[in-house]
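Below is one structure, written out as structure tokens; comments come after it.
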Amino acid sequence: MENGSHSTFKLNIISQSTNHNCRRPLTLFSFITATARDGSQVTEKRLQDVSKVLKDNLTKGTALKCKEKNVVYPIIHFTEDRNSLMSVLQDQNEVNEHFKLHQGVYREIKSIECEDGNGPFVTTSTSISYIVSGFKLLDTSLVEVMIESWKDWTGARHIYLHIPYDLGLQRISLLKKVAPSSLNSFTYVVLAECLNVNTEEKKMLLLDFVQRMRIEKFLSGYLSVYELHKT
């Protein structure tokens, strides 16, 4: 349903029986998006204000705050909560003059489990960081080929092979959008979870690693670093 700059959608969730256990659950992503394309209007005070306005959307699940300045997606939230998935969702909603909310439903279709991901790190809420990549694709004719080669064009293989061990890489996931069909949110999202970014030195190391990734020849998309966000 559309109304100017406001459009919504409703997901038709069919109960999954036990013989579908191999499929990953649906995940609702909420992207708080800066209206200025260079993110120049994003300030700490405005992020606090928009987080309060959208508090109900960010309660259940994981909220992430970008560690870089002047980004288009300063806050990203994801949840597998069924009630949230069954609600009326916001394909596009102007929250205020500085931010929009875009929501999309995704399913994990590929992943890389890291052999050393579970040790020997002491994980806390302040030590967890994510590398988040997002890609919008217009051409769907090569979907199967792109899914099979996802480690290369998304940079996932590069992350797995070259990220510093001390950052505690745990898992890399490729998620594909199920709904809606618009390009307001990403077609594919890649999450790389790091468990041991617990010092300023390691935070700078991760930011430097991502900055170096930007100059590599991966498919053009969004790329940044996030930490857990208290809402």
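The values are calculated or read from the model by the stated rules, or taken from the named source; none is laboratory data. Note that this is a predicted model, so its numbers are computed, not measured. In this analysis, Cβ positions are derived from the backbone assuming ideal geometry, glycine residues included, and neighbour counts consider all displayed protein chains. What goes into the accessible areas is simple: the full protein's heavy atoms, side chains included, and nothing from ligands, DNA or RNA. Shrake-Rupley method; radii C 1.70, N 1.55, O 1.52, S 1.80 Å.
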statement: When segment 54-67 is checked residue by residue, the ones that are loosely packed, with under 15 Cβ neighbours inside 10 Å and either assigned to a helix (DSSP H, G or I) or hydrophobic (A, V, I, L, M, F, W, C) (or both) are LYS55, ASP56
message: Cβ contacts < 7 Å: first residue assigned to a loop (DSSP other than H, G, I, E, B) and among the β-branched types (Val, Ile, Thr), restricted to segment 157-170; second residue at pLDDT 95 or above and buried (at least 16 other Cβ atoms within 10 Å of the Cβ), any location; separation 6+ or different chain. Result?
response: ILE163/LEU169; ILE163/PHE209
Filtered residues of segment 69-98 (kept if part of a loop (DSSP other than H, G, I, E, B), open to solvent by 40 Å² or more (accessible area, probe 1.4 Å) and among the charged types (D, E, K, R)): LYS69, GLU80, GLU97
statement: The number of residues in segment 42-53 that are open to solvent by less than 70 Å² (accessible area, probe 1.4 Å) and touching a residue at least 40 places away in the same chain (Cβ under 8 Å) is 4
- prompt: Is there any pair with a first residue in segment 130-144 that is under 20 Å from SER182 (Cβ atoms) and a second that is surrounded by 10 or more Cβ atoms within 10 Å (Cβ to Cβ) and among the basic types (Lys, Arg) whose Cβ atoms are under 9 Å apart and which are 6 or more apart or on different chains, and what are they?
  reply: VAL143/LYS176
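For segment 180-194, name all the residues that are of a type in the set (A, V, I, L, M) and modelled with pLDDT under 95. I'd like the intermediate steps shown before the answer.
Initial filter on segment 180-194 (of a type in the set (A, V, I, L, M)): 183, 189-192.
Hit for segment 180-194 is LEU183, nothing else.
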message: For the structure I just gave you, tell me whether SER181 is part of a loop (DSSP other than H, G, I, E, B) and open to solvent by less than 10 Å² (accessible area, probe 1.4 Å).
response: no
field: From the options GLU201, GLU193, residue that is of a type outside the set (Ser, Thr, Tyr), open to solvent by 20 Å² or more (accessible area, probe 1.4 Å) and in contact (Cβ under 8 Å) with a residue 24 or more places away in the chain
entry: GLU193
